[in-house]
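These notes are about the structure you will find just below.
The values are calculated or read from the model by the stated rules, or taken from the named source; none is laboratory data. Because the structure is a prediction, the values reported are computed rather than measured. Neighbour counts are summed over all protein chains in view; Cβ atoms, including those assigned to glycine, are modelled from backbone coordinates with ideal geometry. Areas reflect the complete protein model, heavy atoms only, side chains present, ligands, DNA and RNA absent. Shrake-Rupley method; radii C 1.70, N 1.55, O 1.52, S 1.80 Å.
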Amino acid sequence: MTKQFKRTTVTAALIYANGPIHIGHIAGCYLPADIYVRYLRSMGHDVKFVSGTDEHGVPITIKAKKEGITPQEVVDKYYKIIKDSFEEFGISFDIYSRTSNKVHHETSQEMFKNLYDKGQFVEEVTEQYFDEKAQTFLADRYIIGTCPKCSNENAYGDQCEKCGSTLSPTELINPRSALSGEKPVMKPTKNWYLPLDKMQPALEEYIASHPEWKTNVLGQVKSWLNDGLRPRAMTRDLDWGVKVPLPDTDGKVLYVWFDAPIGYISMTKELTDEWQKYWQDPETRLVNFIGKDNIVFHCLIFPAMCMADGRFILADNVPANEFMNLEGDKISTSRNWAVWLHEYLREFEGKQDVLRYALAASAPETKDSDFTWGDFQTRNNSELVGILGNFVNRAFVLTQKNFDSKIPARGELTDFDRQTLDTLAELPNKIGDAIANYKFREALALVMDVARLGNKYLADTEPWKVIKNDVERTGTILNIGLQIAATLSIVSEPFMPFTAAKLSTGLGLSGLNWSDAGNADLLTAGSPIESIGLLFDKIEDTTVQAQIQKLQDAKKMNELAGKEVSAIKDTIQYDDFAKMDLRIGTIEAAEKVAKSKKLLKLTVNDGLKQRTILSGIAEHFSPEDVIGKQVTFLANLAPRPMMGMVSEGMILMAEDKDGSLAFLHPSKDVWSGASIN
RNA sequence: CGCAGGAUGGAGCAGUAGGUAGCUCGUUGGGCUCAUAACCCAAAGGUCGCAGGUUCGAGUCCUGCUCCUGCUACCA
């Protein structure tokens, strides 16, 4: 922090190009990075802001297969959506590129080759599961099998979600491929590993030299270091990605997390011929904005790569944010629980700054935060409209009415005027310091304090009263009010660039930068102001409710779409079937089982006697619904004690897509006890 | 299991080297009327997750515990 740098390279996480972007991405890294960069630019610093899409890796090939298109078509589609929405949202990248570009392939291959030639890799041949039908090696996550610990039949190769234990694919009983359902075979494969274990001391030293990093970042890193780093494969068996630049390596590509961070470098290459200045000069400060899931890659693996390579500078800071939730639930692309940026831009035209404000104000800087539409509305209505918009509007309207839309001259100052101007002069530095220290929420609150200062100044000086008998004094008051607005147009720019631009247009200002903020003479008396209308509009309850409804609909749709018809079980013999005694019975009585959420106690007449069957259907049916119904049940199932009672059989139910249950009735009433063959 | 982060008035968050608990929004009351029923002032509201300990004194240090999140596909 104390070191003086000549220039700054700012990167924002490379987003994976298999879906559009949502508010979590923005709040997590793109908006903070943009605020930071805009501030540095306003300070006159030399800064390059680089980001793009990460277009390699297994999930993209899966997505392509699912949609029946090529991986390239997948990434082309999302690259465009993502790039366009960022641009419209005012994220001011100097370049937004992609890792499928030629220059990126060359750059990462060159770096790989350099590490290889320097002997930095360890070659190792391991046995891995291979899917013969899909002709591909399987990532741990794409192997499904029975958990050795809890016998869950759908455990993943890396973890069983039922019992939570961490697994390795070879531990699974009856492994099968998630792609084809086939049983995978073990096949030897050679890969190149980066020996992180040997590099740990150097990495520890690097981390130790940055005690100023955010606690969540250091904590995460420490967690990895405590565990002890292990060698990590930098190549994968896959045909989608950057080819390994060595002989006889067909079907092998660079590990996405090897090539992705190099993307920052290759994108800078595309941007400028002077790219080396931004990546190799120790007087350049490198700042990587990311979300917390990326911490290990940016704080350990990428630095390790750079150290091994020897040519590149290491990050001076990695200000990672935590995660943002949505209406109390985790944002999820696959569950469609998200506010998509491209949709927001369509539905809230011209309101980029409202979302920028709401996200910056509740960004997950120190811990996970929650975005709610209610909060969005409040922030807009009571802060942007009520405080900022209102102040500007008051100052403008008063000037229009009383001074013919010309900036009035400033006469003699009162103590209160001076006090106000002093406060005004201090705020820009405070805001700048907060931004420089990655405290964007605090910085934004201080920006609002500028508007609050203006509101209070007008309320205390009451120009609408003074005008009745002292025009000159009124002029002084409004001059000061407008000067406050002028500073506001500068300090709000990193956060709300669209609003800031409108405001400077209205005031007839241009070309100002951060050092001008706080100055009380930005506006010259006599120059005109231009009507800019209202900076912000109120957002109505109905608008907000529509968004919430949309989310809920999406959730429902997704639940329905998420179900797939399960595969047919293994073949059985007739004898196996004949063992089951399936019968029709009539439910004669039903009651809820006390203290149980799911169980219903059913009294079923099977033609011979009444039997008690406990069935887990209470969440779907009430006792009145089922009395008198004929149902299919398994009559010779071994009795099973539950909740202090014994269940003598099992009612057969069909589960519908949405999780609701249906009974199996005979198509006409039959006698109780009818057997089923 | 372990490691890491978090748990502070109704909501969202600050609390820097331990010394009477702050901010924004919301609520209530009052004032003002230039302004998008916006603005200004004031008040109410917290035993700082739980239980111990160190200290003259702890939200802040130590120990144990509980809950949430991450480390684990999609994903910032």
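List the residues, sorted by chain then number, that are 5 or more residues from A:F121 or on another chain and whose placed amide H is less than 5 Å from its amide H.
When sequence neighbours closer than 5 places are left aside, there are no close amide H contacts.
In nm, to one decimal, how far is the modelled label at A:H45 from the one at A:E212, with both set 7 Å along Cα→Cβ?
If labels sit at A:H45 and A:E212, their model points lie 1.0 nm apart.
Could you tell me the calculated FRET efficiency between A:Y116 and A:L634, based on Cβ-Cβ distance and R0 = 51 angstrom, to the nearest 0.05?
Details: r = 63 Å, r/R0 = 1.23.
Once the sixth-power term is evaluated, E becomes 0.20.
Can you pull out the GluC sites (Glu not before Pro) in region A:179-278 whose DSSP state is coil and whose Cβ has at most 15 other Cβ atoms within 10 Å?
Answer by residue number: A:E182, A:E212, A:E274.
Obtain the nm distance between the two label points defined at A:K465 and A:D84 by a simple spin-label model: each point lies 7 Å from its Cα along the Cα-to-C-beta direction.
5.5
Of the heavy-atom accessible surface of region A:374-491 (probe 1.4 angstrom), what whole percent is carbon and sulfur?
48
Compute the long axis of helix A:71-89 from its Cα atoms, compare it with the longest principal axis of the Cα atoms of chain A, and write down the angle in degrees, 0 to 90, nearest 10.
That helix lies at roughly 40 degrees to the long axis.
Please work out the FRET efficiency for the pair A:I676 and A:R335, using the Cβ-Cβ distance as r and a Förster radius of 35 Å; give the result to the nearest 0.05.
It comes to 0.35.
I'd like to check one number: the per residue accessible area of chain A, probe 1.4 Å, reported in Å² as a whole number.
With all protein chains present, chain A gives 47 Å² per residue.
If ligands, DNA and RNA are left out, what is the accessible area of A:H105 with a 1.4 Å probe, given in Å² to the nearest 10?
Approximately 40 Å² of A:H105 is accessible to the 1.4 Å probe.
Mind checking the dipole of chain A: about its Cα centre, +1 per Lys or Arg Cβ, -1 per Asp or Glu Cβ, Debye to the nearest 20?
760
How do A:F498, A:F302 stack up against each other in accessible area, from largest to smallest, with a 1.4 angstrom probe?
Order by accessible area, largest first: A:F498, A:F302.
So who's got an amide H within less than 5 Å of the one on A:R98, skipping anything under 5 residues away but keeping other chains? H placed 1.01 Å off N, in plane.
For A:R98, whose amide H was placed from the backbone, the distant partners under 5 Å are A:T53.
May I ask which residue of A:V185, A:A360, A:Y264 lies farthest towards the positive end of the charge dipole of chain A, with charges of +1 (Lys, Arg) and -1 (Asp, Glu) on Cβ and the Cα centre as origin?
So the residue furthest toward the plus end is A:V185.
Using the Karplus curve 6.51 cos²θ - 1.76 cosθ + 1.60 with θ = phi - 60°, work out ³J(HN,Hα) for each residue of region A:549-554 in order, rounded to whole Hz, and write x for Gly and Pro.
So the J values, rounded to whole Hz, are 4, 4, 4, 5, 4, 4.
With angles folded into 0 to 90 degrees, how steeply does helix A:58-67 sit against the dominant principal axis of chain A? Use alpha carbons for both and round to 10.
Roughly 70 degrees, rounded to the nearest 10.
In straight Cα distance, which lysines are under 20 Å from A:K367, not counting same-chain residues fewer than 8 positions off?
A:K214, A:K222, A:K292, A:K330, A:K439
For A:Q135 paired with A:D309, estimate the spin-label separation in nm (one decimal), with each label point 7 Å from Cα along the Cα-to-Cβ line.
Label at A:Q135, label at A:D309, 3.3 nm between them.
Could you tell me which of A:A304, A:N336, A:T70 has its Cα farthest along the dipole of chain A towards the positive end, charges placed at Cβ (Lys, Arg +1; Asp, Glu -1), taken about the Cα centre?
Of the candidates, A:N336 comes out farthest on the positive side.
For the Cα atoms of chain A, what angle does the longest principal axis make with the long axis of helix A:196-208, in degrees from 0 to 90, nearest 10?
30
Applying the Karplus parametrisation 6.51 cos²θ - 1.76 cosθ + 1.60 with θ = phi - 60° to the phi angles of region A:520-528, what ³J(HN,Hα) value in whole Hz is obtained for each residue in order, glycine and proline being reported as x?
Whole-Hz 3J(HN,Hα) from phi for region A:520-528: 8, 10, 6, 10, 9, 4, x, 6, x.
Which of the GluC sites (Glu not before Pro) found in region A:391-483 are in a DSSP loop and have at most 11 neighbouring Cβ atoms, other than their own, within 10 Å?
Counting only loop positions with at most 11 other Cβ atoms within 10 Å, the GluC sites (Glu not before Pro) in region A:391-483 are A:E412.
Enumerate the calculated ³J(HN,Hα) couplings along region A:462-475 in order (Karplus 6.51 cos²θ - 1.76 cosθ + 1.60, θ = phi - 60°), each rounded to whole Hz, writing x wherever the residue is Gly or Pro.
Those phi angles translate into 6, x, 5, 8, 4, 4, 5, 9, 8, 5, 5, 4, 4, x Hz.
What residues have an amide H closer than 5 Å to that of A:L286, excluding those fewer than 5 places away on the same chain, when H is modeled at 1.01 Å from N in the peptide plane?
Here the answer is A:T9, A:D316, A:N317, since their amide H atoms fall under 5 Å of that of A:L286.
Would you mind telling me the antiparallel percentage of the DSSP bridges in chain A, rounded to 5?
Numbers: 54 of 76 bridges.
Looking only at bridges with both residues in chain A, the antiparallel portion is about 70 percent.
Once the Cβ-Cβ distance between A:E540 and A:D576 is put in as r, and R0 is 51 Å, what FRET efficiency do you end up with, to the nearest 0.05?
That pair, A:E540 with A:D576, gives E of 0.20.
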